[in-house]
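Down below is the structure, laid out as structure tokens.
The values are calculated or read from the model by the stated rules, or taken from the named source; none is laboratory data. What you see is a predicted model; the values in this text were computed from it and never measured. Because the Cβ atoms are built from the backbone with ideal geometry, glycine has one as well, and the counts that use them run over all protein chains shown. Remember, those area values only see protein heavy atoms, side chains included, never the ligands or the DNA or RNA. Shrake-Rupley method; radii C 1.70, N 1.55, O 1.52, S 1.80 Å.
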Amino acid sequence: DPVQAFEQVAAHIRDNRLAEAEKELTSILRITPDLPVALNFMGTVRAKQGRLNEAELLFFRALRHDKKFSAARMNLVYLYLLKRTPEKSILQLKEILAVEPEHAEATEKLAELLLAQGRVNECIAFIEKQKAARSVPPSLLVALGDAYLAKKSLPQAEENYLLALEGRLENASALFGLAQISRSKNETREASIY
């Protein structure tokens, strides 16, 4: 049963029993050498073993046989972050979103990376486009607030932080953003309240 076999492989990887996962995957790949799911899992094993170049090749082999396989692309995103090449991660995230525009993890990661790379205007445009198309999670609103704060656009930053709070004071990142805004306005009392 292939589903059961891959569930077993996933459990081995999760439990860091990489030798067992590798053994099962090797058996599967002997029979079906181009099976994208098996190639992706083997890439994950290689990445966990620190064999990043081999992992990258395996993820690309999986994508060659299924260009829309977002799990393999997300693995490439994290692999490139390990390799300290965030621009390559950004390219992979854009590929995922071209196929799956509502892919939540890719959306959040792309916003985060654009901001971290100092591509503030691109980050703002990306999140504002998401916001116009559908409701977005508070984490994206906080990222948008952070981007506006980086541009010193305090009213827009404040608006998005407040939206992220949704009337509840549970979002520490939004509260921190609001405190930064208050501090920049020399409103020390409000900053300390946040």
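About the Cα centre of region 1-136, how large is the charge dipole given +1 on each Lys and Arg Cβ and -1 on each Asp and Glu Cβ? Please answer in debye to the nearest 20. Intermediate values should be presented prior to the final figure.
Values: 21 positive and 19 negative charges, 76 e Å.
My answer is approximately 360 debye.
Give the distance, in whole Å, between the Cα centre of region 131-171 and the Cα centre of region 51-74.
34 Å
Could you identify which residue out of Ala147, Ala133, Ala111 has the top mean-square fluctuation in a GNM of the chain using Cα springs shorter than 10 Å?
Of Ala147, Ala133, Ala111, the Gaussian network model singles out Ala133 as fluctuating most.
Roughly what would the spin-label model give for Gln117 and Lys151, points 7 Å off Cα along C-beta, in nm?
Distance between label points: 1.8 nm.
Between Glu166, Glu54, Glu100, which gets the highest mean-square fluctuation from a Gaussian network model of the chain, Cα cutoff 10 Å?
It is Glu166.
How large is the helix-only mean residue ellipticity at 222 nm for the chain, computed as the sum of -39500 (n - 2.57) over DSSP H runs with n ≥ 4, divided by its residue count, in deg cm²/dmol to the nearest 500?
So the calculated ellipticity at 222 nm is -24500 deg cm²/dmol.
What's the carbon and sulfur percent of the chain's accessible surface, probe 1.4 angstrom, rounded to a whole number?
Looking at the chain in its full context, I get 54 percent from C and S.
Once the other residues with Cβ under 14 Å from the Cβ of Gln156 are scored (Lys, Arg +1; Asp, Glu -1), what is the net sum? Write down the numbers at each step before the final one.
Numbers: positive: Lys131, Lys151, Lys152; negative: Glu128, Asp146, Glu158, Glu159.
Computed value for this residue: -1.
Considering only the other residues whose Cβ falls under 15 Å of the Cβ of Gly118, what net charge follows from Lys and Arg at +1 and Asp and Glu at -1?
Counting the neighbours of Gly118, the net charge comes to -1.
Enumerate the lysines that Lys67 could reach by cross-link, defined here as Cα to Cα under 17 Å, with residues fewer than 8 away along the same chain left out.
Lys88, Lys94
So what's the gap between the Cα centers of region 4-41 and region 79-93, to the nearest angstrom?
Each part's Cα centre sits 24 Å from the other's.
Which residue fluctuates the most in the chain, going by a Gaussian network model with Cα springs under 10 Å, if the choices are Gly118, Gly50, Gly167?
Gly167
What is the dipole size for region 87-145, taken about its Cα centre, with +1 at each Lys and Arg Cβ and -1 at each Asp and Glu Cβ, in debye to the nearest 20?
140 debye
Kindly list the residues of region 164-183 that lie in the label zone of Ile193, defined by a backbone N under 13 Å from the point 7 Å along the Cα-to-C-beta vector.
179, 182-183
Which entry is the computed P(r) over Cα pairs in 5 Å bins from 0, in percent for this structure: [x] 1, 8, 16, 21, 22, 17, 10, 3, 1, 0; [y] 1, 8, 14, 17, 17, 15, 11, 8, 5, 2, 1, 0, 0; [z] 1, 8, 14, 15, 14, 11, 10, 9, 8, 5, 3, 1, 0, 0?
Computing P(r) over Cα pairs in 5 Å bins from 0, in percent and matching it to [x] 1, 8, 16, 21, 22, 17, 10, 3, 1, 0; [y] 1, 8, 14, 17, 17, 15, 11, 8, 5, 2, 1, 0, 0; [z] 1, 8, 14, 15, 14, 11, 10, 9, 8, 5, 3, 1, 0, 0 gives [z].
If you roll a 1.4 Å probe over the heavy atoms of the protein chains, what accessible area per residue do you get for region 125-194, in Å²? Provide the component values of the computation, followed by the final result.
On the way: 4100 Å² over 70 residues.
Accessible area per residue, region 125-194: 59 Å².
In straight Cα distance, which lysines are under 17 Å from Lys23, not counting same-chain residues fewer than 8 positions off?
Partners within reach: Lys48.
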